[in-house]
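Coordinate-derived values only; no laboratory data. Only a predicted model underlies this, so the values are computations on that prediction, with no experimental measurement involved. With ideal geometry, Cβ positions are generated from the backbone for all residues, glycine too; neighbour counts draw on all protein chains shown.
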Amino acid sequence: MARRLLLGIKLLELREAAKLTSTDVYKRTGIARATLHRLETAETSPQPRTLKTLLALYKVDPQEAAELERFAREADQQPWLLPVGDLAPQYLTLIGLEREASRLETFEASLVPGLLQTPDYAREAIRSVWPDATKSQLAQRVEVRSQRQEAIRLAGIELHAIIDEAALRRRVGSTQHMRGQIDALLEAATRPQITLQVLGSGIGAHPAVHGAFMILGFGPPLSTELVYLEGLVTDQFLSKSHEVRGYADAFAAVRDLAVSPAETPAVLTRLRDEA
């Protein structure tokens, strides 16, 4: 689903860049408007011939076209070790998208980002929104979260996380859990692929005050961005250029307001001592 979604977004971007309507595509290629809609909305995957026809119509550079065809053709070579069980489809899509991304930017106002949570912290955070979960269900969710972290580490994906100070002061689990979590953040801040910042409690209203979000950036041949919003009941992916731009602007504004990456370890150390 992740690759299907990314291909759909890319095909829509290419069609709009070529200034063609779905009717134009039908007249020039015979590809039905309903078929094109299903491709662009990720309801179905493109057949090789259909993809080749569209890329030719949109005058995509031959090298880029070949890379997109390979992207569509290749199966994911990094299977999960655990059965996915009853994980929500949107969450499974997020997992796939994270592993395809080259860059992740996340802002969290209430909790430590999932990609930086310790197992103890993750267990208590999941339990807080799923009080009826069994031990095995909690264990599965925690393990999947750990595997997400390992996947982006092994792939060398860049992660820039900005965490509101309020999230670090909000006790999730015991004092020991919180101190262990902040110790893990201090360690994460030393990794070359991770940039970590804290948004101080003295900052008033800001452009990201509406809540948490993640921007996923993808390199060639996709060269696109998505926004992921996690909800209480369902999650959402935003791909329209004005939507992504709005969140990118909000992230840039919060980045400038937050404590610098160089000064963040000192803030984390203070918060650990106060936990």
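With all distinct Cα pairs included, what does the Kirkwood hydrodynamic radius of the stretch 2-73 come out to in Å, to one decimal, could you say?
Numbers: mean 1/r = 0.0840 Å⁻¹.
In the stretch 2-73 this quantity evaluates to 11.9 Å.
The C-alpha atoms of the chain define a longest principal axis, and helix 135-155 lies at about 70 degrees to it. Working from Cα pairs under 8 Å separated by at least six residues, relative contact order for the chain is 20 percent. Under the simplified labelling scheme, the residue 143-residue 45 pair shows an inter-label distance of 2.7 nm, with each label point 7 Å from Cα along Cα→Cβ. With a Cα cut-off of under 17 Å and a minimum spacing of 8 residues unless on different chains, the lysine pairs in the chain number 9.
The charge dipole of the chain, taken about its Cα centre with unit charges on the Cβ atoms of Lys, Arg (+1), Asp and Glu (-1) only, comes to about 720 debye.
Helices in the chain, meaning DSSP H runs of at least 4 residues, each add -39500 (n - 2.57). Divided by all residues, the mean residue ellipticity at 222 nm is -16500 deg cm²/dmol.
For 120, 24, what's the fewest-to-most ordering of other Cβ within 10 Å of each Cβ? The partial results should precede the final answer.
Numbers: 120 18, 24 14.
Lowest to highest Cβ neighbour count: 24, 120.
If you plug the beta carbon distance of residue 210 and residue 136 into 1/(1 + (r/R0)^6) with R0 = 22 Å, you get a FRET efficiency near 0.05. Scoring 150-163, 25-38 by mean Cβ neighbours within 10 Å over their residues and listing the highest first yields 150-163, 25-38. Say R0 is 22 Å: what FRET efficiency, to the nearest 0.05, do residue 61 and residue 103 get from their beta-carbon distance? E between residue 61 and residue 103, to the nearest 0.05, is 0.45. Each residue of the stretch 187-193 was assigned a 3J(HN,Hα) from its phi angle through the Karplus expression (A = 6.51, B = -1.76, C = 1.60, θ = phi - 60°), giving 5, 4, 5, 8, 7, x, 7 Hz with x at Gly and Pro. Determine by what factor the alpha-carbon radius of gyration of the stretch 89-274 differs from 2.2 N^0.38 Å, reporting the quotient. That works out to 0.99 for the stretch 89-274. Angle of helix 48-57 to the longest C-alpha principal axis of the chain, folded into 0 to 90 degrees and rounded to 10: 80°. Karplus-based coupling profile of the stretch 221-237, in residue order and whole Hz: x, 7, 6, 9, 9, 10, 10, 10, 10, 8, x, 5, 9, 9, 10, 9, 10, with θ = phi - 60° in 6.51 cos²θ - 1.76 cosθ + 1.60 and x standing for Gly or Pro. Panel order for 210, 177, 242, by other beta carbons found within 10 Å of each beta carbon, from fewest to most: 242, 210, 177.
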